[in-house]
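Below is one structure, written out as structure tokens, with a few remarks after it.
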Amino acid sequence: MDLGLRGKKAVVTGATKGIGRAIVDLLAAEGCDVALCARSEDEVEEAVRAIKARGVEVVGGSVNVRDAEAYKAWLEQAVEQLGGCDIFIPNVSAGGGMDSEKNWWKNFEIDVLHTVRGCETLMPHLEKSGDGSIVVISSTNALETFYVPMAYNAMKAALITYAKQLSQFVGRKNVRVNSVCPGPIYFEGGAWEMIKATNAKMYDATLKAMPNGRFGGPEEIARVVAFLASPAASIITGANVVADNGFTKRVQY
Ligand SMILES: NC(=O)c1ccc[n+]([C@@H]2O[C@H](COP(=O)([O-])OP(=O)(O)OC[C@H]3O[C@@H](n4cnc5c(N)ncnc54)[C@H](OP(=O)(O)O)[C@@H]3O)[C@@H](O)[C@H]2O)c1
């Protein structure tokens with residue numbers, strides 16, 4: 001199936017490793033020009049170099065999305081360098097953590113506000129595209145009780161509601177908005193590798209909850225995101241797609 005991604009211009013935040021990296025790799029392989037950011041300058045340079053080998057335009061930026069002005073300036077600059085924006089994937093998260101007010105602010109500013117600021121900054125460009133698409137990265141932690149009440153879980157839930165309501169608001173401008181809830185995703189250098197090393201009980205219980213007995217991989221989430229972002233998913237907007245290897249147990253109507 002041709003996803004119709006060739007020549008599209010995509011902005012992905014937090015894309016030097018894990019799910020974000022798999023998304024830019026796949027979008028570039030499908031012929032998209034891509035802009036990516038992360039905080040580590042070295043890792044951004046490495047990612048830009050590697051993805052350029054696919055023969056597409058790649059723009060990289062070392063930016064902390066928590067810094068609103070620097071982040072918005074980078075988005076505008078990236079779009080100018082790419083020559084437009086058809087796809088936006090806000091992927092950065094502050095991650096989980098035991099509750100304290102510090103966590104709530106971090107998850108609000110990073111998970112929620114970076115998504116909202118990105119959507120608002122890029123909306124004029126997405127509208128101009130005529131075929132705009134946003135895929136917000138949430139988590140199954142938003143859907144079912146996950147160990148302890150965490151800011152991460154609640155803020156990821158806020159993103160699903162935001163994405164749905166935004167989809168209604170911008171539909172007439174030919175911008176689609178969807179969210180994806182990945183289940184636990186294992187990769188080298190990722191959170192689950194760290195949990196495996198430091199909390200074997202939690203790791204084993206999580207693995208056991210997967211009906212097929214394995215964690216998901218970043219590239220499996222990337223395929224779902226690339227499809228939703230693409231013109232091939234033209235009928236899908238306002239949806240929340242759960243991509244979790246059967247980790248969640250609720251019946252989803
Ligand atoms: N992994 C999972 O099991 C899982 C499950 C469900 C949902 N998710 C969601 O999927 C998304 C990606 O998670 P992941 O586990 O693949 O990757 P990750 O380990 O959270 O790292 C993602 C990327 O974000 C960058 N980043 C982190 N903080 C940043 C900041 N403040 N400003 C700019 N860039 C920043 C990192 O590079 P730097 O450190 O250099 O900045 C890295 O490139 C997140 O939204 C996460 O909540 C993950």
Condition check for Gly118: under 19 Å from Ile19 (Cβ atoms) and without any contact (Cβ under 8 Å) to a residue 60 or more places away in the chain: no
Every residue from region 159-189 that is more than 15 Å from the chain's Cα centre (by Cα) and within 11 Å of the ligand (Cβ to nearest atom): Tyr186, Phe187, Glu188, Gly189
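Each row is one residue, and each column tells you yes or no for (1) touching a Ser or Thr at 6+ places or on another chain (Cβ under 7 Å); (2) open to solvent by 30 Å² or more (accessible area, probe 1.4 Å).
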site: Val11; (1), (2): no, no
site: Thr16; (1), (2): yes, no
site: Arg21; (1), (2): no, yes
site: Cys32; (1), (2): no, no
site: Ala35; (1), (2): no, no
site: Val48; (1), (2): no, no
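Please work out if Lys164 is at pLDDT 95 or above, farther than 20 Å from Asn91 by Cβ, open to solvent by 30 Å² or more (accessible area, probe 1.4 Å) and out of contact with any strand residue (DSSP E or B) (no Cβ under 6 Å at 6 or more places or on another chain).
No: the conditions fail for Lys164.
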When the residues of region 167-201 are narrowed to those that are buried (at least 22 other Cβ atoms within 10 Å of the Cβ) and aliphatic (A, V, I, L, M), which ends up farthest from Lys128 (Cα to Cα)? Ile185
For residues that are buried (at least 24 other Cβ atoms within 10 Å of the Cβ), more than 12 Å from the ligand (Cβ to nearest atom) and assigned to a loop (DSSP other than H, G, I, E, B), tally how many sit in region 92-148. 0
Could you check how many residues of region 53-69 are assigned to a loop (DSSP other than H, G, I, E, B), closer than 21 Å to Leu27 by Cα and open to solvent by 40 Å² or more (accessible area, probe 1.4 Å)? 4
Residue, farthest from Val63 (Cα to Cα), within region 1-37, restricted to residues that are part of a loop (DSSP other than H, G, I, E, B) and within 15 Å of the ligand (Cβ to nearest atom): Lys17
Got at least one residue in region 227-240 being within 11 Å of the ligand (Cβ to nearest atom) and modelled with pLDDT of 95 or more? no
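Looking at this structure, is Phe88 surrounded by 14 or more Cβ atoms within 10 Å (Cβ to Cβ), at pLDDT 95 or above, not in a helix (DSSP H, G or I) and not hydroxyl-bearing (Ser, Thr, Tyr)?
Criteria met by Phe88.
The values are calculated or read from the model by the stated rules, or taken from the named source; none is laboratory data. All figures in this text were calculated on a predicted structure; none of them were measured in a lab. Note that we place each Cβ from the backbone using ideal geometry, even for glycine, and neighbour counts take in every protein chain shown. Side chains included, ligands, DNA and RNA excluded: accessible areas come from the protein's heavy atoms. Shrake-Rupley method; radii C 1.70, N 1.55, O 1.52, S 1.80 Å.
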